[in-house]
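K.L.:
There's a structure below that I have some questions on.
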Amino acid sequence: MNKQHTYEVGVVWKGNLGNGSSTYRGYTRDYDIACKGKPVLKGSADPGYLGDAARHNPEDMLLASLSACHMLWYLHLCTVNKVVVTAYEDQAEGVMELNPDGSGQFGRVTLRPRVTITAERDAETAERLHEKAHAMCFIARSVNFAVDHEPETVIAQTG
């Protein structure tokens, strides 16, 4: 039997303004996300769907999950392969396609990790490890759309 991990997340709607969801504009899309022992995340819908722009929306969190999972695997693989990373940042972008009936789905996500490493001789390995990180990422393996990578490797300046 394969090893399993179970995750639990509580989502509580906070948007009842007194009449529940009796009208489309009569409630907010605000909710709280609670994981035991962790700070509560404040969520809402995308502002295009009457959500609060100051709160995280599910689409933001999907991109963040893909980006963070890739980063964590990448850092692990760099450690195992003796590539020293001193900085990592990503500007992920997702394209959601809307259907005539109002439903939608992501068609593609592009991760753009910018990684700083200590030695120029490791640049080729550093680039190659993005493919392995993608193959290992739990979140990327769970979605049914393309997750592309446009990595940039920078060599840290010494002195």
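Read-outs throughout are calculated quantities, based only on the coordinates presented, and are distinct from any laboratory measurement. As the structure is a prediction and not an experimental result, all values here were calculated from the model. Because the Cβ atoms are built from the backbone with ideal geometry, glycine has one as well, and the counts that use them run over all protein chains shown.
K.L.:
If I stretch the segment between N81 and D101 completely, what's the gain in nm (0.36 nm per residue apart, minus their alpha carbon distance), one decimal? Spell out each step's value before the answer.
P.N.:
Values: separation 20, 0.36 × 20 = 7.20 nm, distance 4.83 nm.
Result for the pair: 2.4 nm of gain on full extension.
K.L.:
Starting from the Cα of D46, step 7 Å along the direction of its Cβ; do the same at T125; then give the gap between the two resulting points in nm.
P.N.:
4.1
K.L.:
As an exercise, use a Förster radius of 41 Å and the Cβ-Cβ distance of E152 and S21 to find the FRET efficiency, rounded to the nearest 0.05.
P.N.:
Details: r = 45 Å, r/R0 = 1.10.
Efficiency at R0 = 41 Å is approximately 0.35.
K.L.:
Would you mind pulling out the separation of the Cα centroids of the stretch 12-81 and the stretch 98-113, in Å?
P.N.:
A separation of 17 Å, based on Cα centres.
K.L.:
Any chance you could run the full-extension gain for H56 through S142? It's 0.36 nm times the residue separation minus the Cα-Cα distance, nm to one decimal. Could the numbers behind the result be given before it?
P.N.:
Working: separation 86, 0.36 × 86 = 30.96 nm, distance 2.12 nm.
Contour length minus the Cα-Cα distance gives 28.8 nm.
K.L.:
Next up: Select from N19, G48, C35 the residue farthest towards the positive end of the dipole of the stretch 10-49; place +1 on Cβ of Lys and Arg, -1 on Cβ of Asp and Glu, and compute about the Cα centre.
P.N.:
Result: C35, furthest along the dipole toward the positive end.
K.L.:
Is it possible to state the helix-based mean residue ellipticity at 222 nm for the chain, with each DSSP H run of 4+ residues giving -39500 (n - 2.57), the sum divided by total residues, to the nearest 500 deg cm²/dmol? What is it?
P.N.:
On the way: 2 runs with 37 residues, N = 159.
Roughly -8000 deg cm²/dmol at 222 nm, from the helical runs in the chain.
K.L.:
Give me log10 I(q)/I(0) at q = 0.14 Å⁻¹ for the stretch 34-86, Debye formula, one equal scatterer per alpha-carbon, no solvent.
P.N.:
-0.56
K.L.:
Further question on the same structure: How tilted is helix 58-80 with respect to the longest principal axis of the chain? Cα atoms for both, answer in degrees (0 to 90, nearest 10).
P.N.:
On a 0 to 90 degree scale, this one is about 20.
K.L.:
Picking from T6, A146, A133, whose Cα lies most toward the positive end of the charge dipole for the chain (charges on Cβ: Lys, Arg +1; Asp, Glu -1)?
P.N.:
T6
K.L.:
Quick test of your reading: applying the under-4.7 Å Cβ rule, which cysteines of the chain are isolated?
P.N.:
For the chain, the answer is C35, C78, because their Cβ atoms have no other cysteine Cβ under 4.7 Å.
K.L.:
Please list the non-local residues whose amide H lies under 5 Å from the amide H of Y31, H modeled 1.01 Å from N, same-chain partners needing a gap of 5 or more.
P.N.:
Under 5 Å from the amide H of Y31: K14, G43, S44.
K.L.:
From the cross-link list K3/K38; K36/K82; K3/K82; K42/K132, which pairs have alpha carbons spaced over 31 Å apart? Intermediate results must be reported in sequence, preceding the final value.
P.N.:
Working: K3/K38 24 Å; K36/K82 35 Å; K3/K82 28 Å; K42/K132 33 Å.
Pairs exceeding 31 Å: K36/K82; K42/K132.
K.L.:
Right, something else. Over the stretch 10-49, what portion of Cα pair distances is larger than 17 Å, expressed as a whole percent? Don't jump to the answer; show the numbers that get you there.
P.N.:
On the way: 281 of 780 pairs.
Of all Cα-Cα pairs in the stretch 10-49, 36 percent lie more than 17 Å apart.
K.L.:
If you take every DSSP beta bridge whose two residues both sit in the chain, what share of them, in percent to the nearest 5, is antiparallel?
P.N.:
Numbers: 19 of 28 bridges.
Roughly 70 percent of the DSSP beta bridges within the chain come out antiparallel.
K.L.:
If you fit an axis through the alpha-carbon atoms of helix 123-136 and take the longest principal axis of the Cα set of the chain, what angle between them do you get, 0 to 90°, nearest 10?
P.N.:
40
K.L.:
Per the Kirkwood definition applied to all pairs of different Cα atoms, how many angstroms is the hydrodynamic radius of the chain? Could the numbers behind the result be given before it?
P.N.:
Numbers: mean 1/r = 0.0548 Å⁻¹.
Computed over the chain, the radius equals 18.3 Å.
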